Amino acid sequence: MTQTEAEQKAMESSRAPVLDVVIPVYNEEVDLGLCVRRLHAYLRAGFPFTARITIADNASTDTTLAVAELLAAELDGVEVLHLDAKGRGRALRTAWEGSDAAVVAYMDVDLSTDLNALLPLIAPLVSGHSDLAIGTRLDSSARVVRGPKREIISRCYNLLLKTTLRAGFSDAQCGFKAVRTEVARELLPLVRDGEWFFDTELLVLAERAGLRIHEVPVDWIDDPDSRVDIIDTARKDLRGIWRLTRALATGALPLDQLRAAVGREPLVAGVPLGMVGQLVRFAIVGVTSTLAYIALYLLLQPLAGSQGANLVSLLLTAVGNTAANRAFTFGVRGRGNAVSHQFQGLAIFAFGLAITSGSLFALHRWAPDAPVAVELTVLITANLVATLVRFVGLRWVFRNVGTPVFAHSTHPAPAFGATDSGSESAQRLGALEVRR
């Protein structure tokens, strides 16, 4: 090698790579060498982006760390990260937070996923089209070889995520994922789990923040030597689902701030992000409220008269409507400002009452003998006008929901329920042994 070539190689090795592929391992002394050499050869054989391989050793008790160090000494672009605590999620968090690459990824040491899916996985992230990318074994075009037991467990788990957390992604557990590093740094402080639920929690948070998740159907062959404790993992996953569901329901997660920090801008100027979905949800609440209003009016009209029935029916449905729109339409969780929101909702209700009462007054002035059916027709028409005003008014009531809190802060918000301060996290990172 000439001096010029050596200098060029040294310059390239010192430059931050586009991709950092993390391989979390625990007691993988047998398979690690084959995996890393195969991946290294693939990345050096025409892969279009500069890449690094980071072996993240999770407190292995065999010779895995020694094997990793030998591989790092033998192969260029291979680094070793050693942690004193177990946990795949913990290893990924540490490696991703400390990476200088534009895109960080991970894959299981068994390389069950065909490596030809790596470029389709990261290309949308490098281009900026997507924010996260996952391999999926559950797409109809994926080719998967595995036993019925693992197939049933995987499908049941992902169905459970769809029903409990309204997950839109298809495969949470495939060990083949990537994320833009700048996005990872915003998401990771909010992810509590350090083990197998890490992937699911990361994806749910990303989805709720409005990030784009790209899915790649993969060719995947099950590793018959997998040492994952299915029962223990399932128990911890269920506990994680319950914790995350509760956090989303109570507003413990700062999702609005997260959206402000990493969410995508509106596609059409003047149409705020999520407004179309808000309109759909608002319409569902509105239809339900209208049906409740009609039922109450018909029940109370013979007892309280038209004006009294209208007042009581409108008041009761307005309180329920505000509460439903607060949680369902605008996604406001927890009890904070709930009373204030109700008072502001009642101010909007007063406008609706004025329109509907005025319509009744005019009807009775010009047609005093109008039947109940005509009264309802007039009231429903007036309520449609009031509904349009209500939507605009409620958007104003909840206008501060997306106000950034840590979008431009140098100190990211801590994970909900976390006990480590930022300085403690830095101390943990400083205590890690990083070896070439």
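The values are calculated or read from the model by the stated rules, or taken from the named source; none is laboratory data. As the structure is a prediction and not an experimental result, all values here were calculated from the model. So basically every Cβ, Gly included, is an ideal-geometry build from the backbone, and we count neighbours across all protein chains shown. The protein model used for the area step is the full one, side chains on, heavy atoms only, and it has no ligands, DNA or RNA in it. Shrake-Rupley method; radii C 1.70, N 1.55, O 1.52, S 1.80 Å.
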Rounded to whole Å, sorted largest first: equivalent-ellipsoid semi-axes of the range 6-95, Cα gyration tensor
23, 14, 12
Nearest-0.05 FRET efficiency for Asp114 and Ala323, computed from C-beta distance (R0 56 Å):
0.65
How many nm separate the modelled label positions at Ala41 and Leu279, each set 7 Å beyond the Cα in the direction of the Cβ?
5.6 nm
How far apart, in nanometres, would the label points at Val374 and Ser127 be if each is projected 7 angstrom from Cα along the Cα-to-Cβ direction?
6.3 nm
So Arg212 and Ala252, fully extended at 0.36 nm per residue minus their Cα-Cα distance, gain in nm 12.1 nm
In square angstrom, what is the accessible area per residue of the range 291-365 with a 1.4 angstrom probe?
50 Å²
Using the basic label-point model (7 angstrom from Cα toward the beta carbon), what is the Trp396 to Ser140 distance in nanometres?
4.8 nm
Using 1/(1 + (r/R0)^6) with R0 = 56 angstrom and r between the beta carbons of Leu159 and Ala362, what's the FRET efficiency to the nearest 0.05?
0.55
Multiplying the sequence separation of Leu34 and Thr61 by 0.36 nm and subtracting their Cα-Cα distance, what value in nm do you get?
7.8 nm
Round to the nearest 0.05 the FRET efficiency obtained for Ile230 and Ala350 when R0 = 45 Å and r is the Cβ-Cβ distance.
0.20
